[in-house]
Amino acid sequence: MEVHPDGGSPLLPSSSRQISAGDVTMDLTMCGLLVDRTEELARLYREHGSWNQVKQVWFDEWRSNRSTRGSAQKIFRVLTSRLQNPPGSLPAPSELPDVLDACATTRDKAQVVYLYLVADDPLVRYVVEAYSRYLTEDVTNSLDFSNSTLTEVLDRLEYEDGSSFDYADSTTVRWCEGFRSVMREIGVLEDQQAVTGSSPSTGDVPLLVAMGYSYEEGGDDWLECPIGLCYLFQAGSRWEEQFDRVGATDDWEFVELHGSLELRPVDGTYDWVGGGD
């Protein structure tokens, strides 16, 4: 069975449904996830401690490579938007290099960087929420990311001022292509030709980040809808397995409170970063 999202959701938050038209960009038409470039910017920031210095180094490098300044500016703007002001529920930009160093595979890195994209881009978040809610109960569903279905989801978007999603068809198609490229990098889609996908496997590091994000964002009832797992398209039927994986690490623990088991970090949510775990 293929999933064609219809917009209903009893579980996921509805914040992305109240977004300003002015906040929406079509950045996926200009660049996708760009994991290597994101990692490079994070390392430069940790080295220099200033985004102004990072910008200078970045453009010096692009000039030496004879790349166009316009292209460099667009990519720098998009990627720094994701990194400059991430929510406190994700590792700080200065910690990101250590997080990525701990990743076992390129896909693991992509899944970590992807969470910064979702947190930053309200349009991506809106579409991700529309899809991921359908895996909260059934692991067998496949997700339809064809242009037609993605466009149907986008067409349902209503901005907080009452206006609707309104871009040229060619721009929307390029955005859909960019969205699918991200889905390929995080393992939801298998190859260039695929338009249907399913829940990807997650390595230890992206799982820890997704759980930390869920814990920090979700309040007291975060286990009922771990938002980081939802954004990574983890089926609800596998949440308990993921909780057990994290609870078996040295960084998280199950604690009995009021007759029930609660899962929480042993210390700070991201104290494991840089610790070699």
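Report the equivalent ellipsoid semi-axes for the chain in whole Å, largest first, defined as the square roots of five times the eigenvalues of the gyration tensor built from alpha carbon atoms.
Taking √(5λ) for each Cα gyration eigenvalue gives 29, 26, 17 Å.
Using 0.36 nm per residue of separation minus the Cα-Cα distance, give me the extension gain between residue 81 and residue 56 in nm, one decimal.
Working: separation 25, 0.36 × 25 = 9.00 nm, distance 1.64 nm.
Full extension of this stretch gives 7.4 nm more.
Dipole of the chain, Cα-centred, from +1 at each Lys and Arg C-beta and -1 at each Asp and Glu C-beta, to the nearest 20 debye?
In total the dipole reaches around 1420 debye.
Using amide H atoms built 1.01 Å from N in the peptide plane, name the residues 5+ places from residue 263, or on other chains, whose amide H lies under 5 Å from its own.
Those lying under 5 Å, H to H, from residue 263 are 255.
Please give the charge dipole size of the range 113-247, origin at the Cα centre, charges +1 on K and R Cβ atoms and -1 on D and E Cβ atoms. Round to the nearest 20 debye. Kindly include the intermediate steps, with their values, before the conclusion.
Working: 8 positive and 26 negative charges, 90 e Å.
Charge dipole, the range 113-247, about its Cα centre: 440 debye, nearest 20.
Loop only by DSSP, 14 or fewer other Cβ within 10 Å of the Cβ. Give me the GluC sites (Glu not before Pro) in the range 182-267 that pass, ordered by residue number.
190
Which of 249, 205, 54 sits farthest toward the positive end of the charge dipole of the chain, with +1 on the Cβ of Lys and Arg and -1 on the Cβ of Asp and Glu?
So the residue furthest toward the plus end is 54.
Which one, 34, 148, 72, is farthest towards the positive end of the dipole of the chain when Lys and Arg carry +1 and Asp and Glu -1 on their Cβ?
Farthest towards the positive end: 72.
Run through the range 79-182 and list the GluC sites (Glu not before Pro) located in a DSSP loop whose Cβ has at most 12 other Cβ atoms within 10 Å.
137, 160
Using the basic label-point model (7 angstrom from Cα toward the beta carbon), what is the residue 26 to residue 163 distance in nanometres?
In this crude spin-label approximation the distance works out to 1.4 nm.
Under the rule of at least 5 residues apart or a separate chain, name every residue whose amide H is placed under 5 Å from the amide H of residue 19.
Amide H neighbours of residue 19, under 5 Å, 5+ apart: 160.
What is the set of long-range amide H partners of residue 196 at a cut-off below 5 Å, with H atoms built 1.01 Å from backbone N?
It is 145, by chain and number.
How far is it, in nm, from the label point at residue 170 to the one at residue 190 when both lie 7 Å from their Cα along the line to the Cβ?
3.4 nm
If neighbour count is taken as other Cβ atoms inside 10 Å, put 207, 261, 135 in order from fewest to most.
Sorted ascending by nearby Cβ count, the order is 261, 207, 135.
Read-outs: derived from the displayed coordinates by stated rules, not from any lab. No experiment lies behind these values; they were computed from the predicted model shown. Neighbour counts are summed over all protein chains in view; Cβ atoms, including those assigned to glycine, are modelled from backbone coordinates with ideal geometry.
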